[in-house]
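Structure first, commentary second.
The numbers here are math on the coordinates, done by the rules we state, and not lab data. Computed from a predicted structure; not experimentally measured. Note: ideal-geometry Cβ built from the backbone for every residue, glycine included; neighbour counts use all protein chains shown.
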Amino acid sequence: MRPVRLMKVFVTRRIPAEGRVALARAADCEVEQWDSDEPIPAKELERGVAGAHGLLCLLSDHVDKRILDAAGANLKVISTMSVGIDHLALDEIKKRGIRVGYTPDVLTDTTAELAVSLLLTTCRRLPEAIEEVKNGGWTSWKPLWLCGYGLTQSTVGIIGLGRIGRQPRPEEAAEFQAEFVSTPELAAQSDFIVVACSLTPATEGLCNKDFFQKMKETAVFINISRGDVVNQDDLYQALASGKIAAAGLDVTSPEPLPTNHPLLTLKNCVILPHIGSATHRTRNTMSLLAANNLLAGLRGEPMPSELKL
């Protein structure tokens, strides 16, 4: 009896336990993992993916033509542990007939929680307040000290209403008793702006000098989408000049943001290290979905969440 040929799977990082266990139980797969919490170097990725039938990657892994060439003709499935897909060379992947899995929906609530947390942290100046407690700046109660902006009776503008990538969607606005308006009008009318759209050629650099010029001087800007949706030089100028009140970012360009970046010198800019989906439950669910997408694709079965190319 001829032995069953194992399919080679390469995983670009240590992933949470549920996904790791699912892959370990796959008797038809031989799994190799980059055994680190840090990103895999490009050369190691090229080496690891060579001859692989399946690749499980993260949003920090740029799967371009060079990586696809290194993988070779065996590669049938790419499963990314993310909703975002801008790190994948989709045209090249489609040309080669490779299936793609991703992880929508399972991190929606967690990322929404983070967006609200970041918005409140930024508009109520919480990092500044915490620092004043630590450095002795807290002396007595003062009527105007550390005053920020509140959500009550405010207008919130959302760029990318719904799950990431579903924008513009005028029909969804009505579902949430919201009003669909143009991007310039949204910039001009909103007290708080939350950017949640996907990164596409149409949205790259969408929030630029012209956008910030239209915003109210009391407005707060929040970005939970992708760093490249924002022109960060223009954002810095808007914040430093007082053109807008404050900004909160969970995503930047690049990531990580260099520690000497001008935005980090501003008290009215709160920056987080891309932790929108960072709860134990959500990350485990993402890893399991990514593993199940990969295994289903390798076996020629329907994926739980396949990106239709």
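List of remarks:
- Local net charge near residue 275, Cβ-Cβ under 15 Å (Lys/Arg +1, Asp/Glu -1): -2
- For the chain, the residue among 122, 34, 248 whose Cα projects farthest onto the positive side of the dipole built from Cβ charges is 34.
- Taking the average, over residues, of other Cβ atoms within 10 Å as the packing measure, peptides 262-268, 242-248 rank 242-248, 262-268 from highest down.
- Charge tally in the Cβ shell below 13 Å around residue 190, where Lys, Arg are +1 and Asp, Glu are -1, residue 190 excluded: -2
- Backbone amide hydrogens, once placed in the peptide plane, bring residue 75 within less than 5 Å of nothing, excluding anything fewer than 5 places away on its chain.
- Highest average packing first - 290-303, 269-282, Cβ atoms within 10 Å: 290-303, 269-282
- Each Lys and Arg Cβ is given +1 and each Asp and Glu Cβ -1; about its Cα centre, the chain then shows a dipole of about 660 debye.
- Here the stretch 7-62 is treated as a sphere whose radius is the Kirkwood value from Cα pairs; by Stokes-Einstein at 20 °C and 1.002 mPa s it diffuses with a coefficient of 187 µm²/s.
- The share of C-alpha pairs in the stretch 97-235 whose separation exceeds 21 Å stands at 50 percent.
- Based on the Stokes-Einstein relation at 20 °C and a viscosity of 1.002 mPa s, and on the Kirkwood radius from alpha carbon pairs, the chain is assigned a translational diffusion coefficient of 101 µm²/s.
- Residue of 287, 140, 117 that the Gaussian network model of the chain assigns the largest fluctuation, springs spanning Cα pairs under 10 Å: 140
- Straight-distance candidates among the lysines for linking to residue 243, with alpha-carbon spacing under 26 Å and chain neighbours fewer than 8 residues away dropped: 142, 209, 214, 216, 267.
- Top of 198, 36, 253 by mean-square fluctuation, Gaussian network on the chain, Cα under 10 Å: 36
- More than 22 angstrom apart: percent of Cα pairs within the stretch 186-309: 45
- Peptides ranked, highest mean first, by Cβ atoms within 10 Å: ranges 218-224, 88-94, 132-138, 120-126: 218-224, 120-126, 88-94, 132-138
- Sum of side-chain charges, residue 60 neighbourhood, beta-carbon under 11 Å (Lys, Arg +1; Asp, Glu -1): -2
- Mean residue ellipticity, 222 nm, helices only, the chain: the sum of -39500 (n - 2.57) across DSSP H runs of n ≥ 4, divided by residue count and rounded to 500, is -9500 deg cm²/dmol.
- Distance from the Cα centroid of the stretch 1-46 to that of the stretch 258-275 is 35 Å (rounded to whole angstrom).
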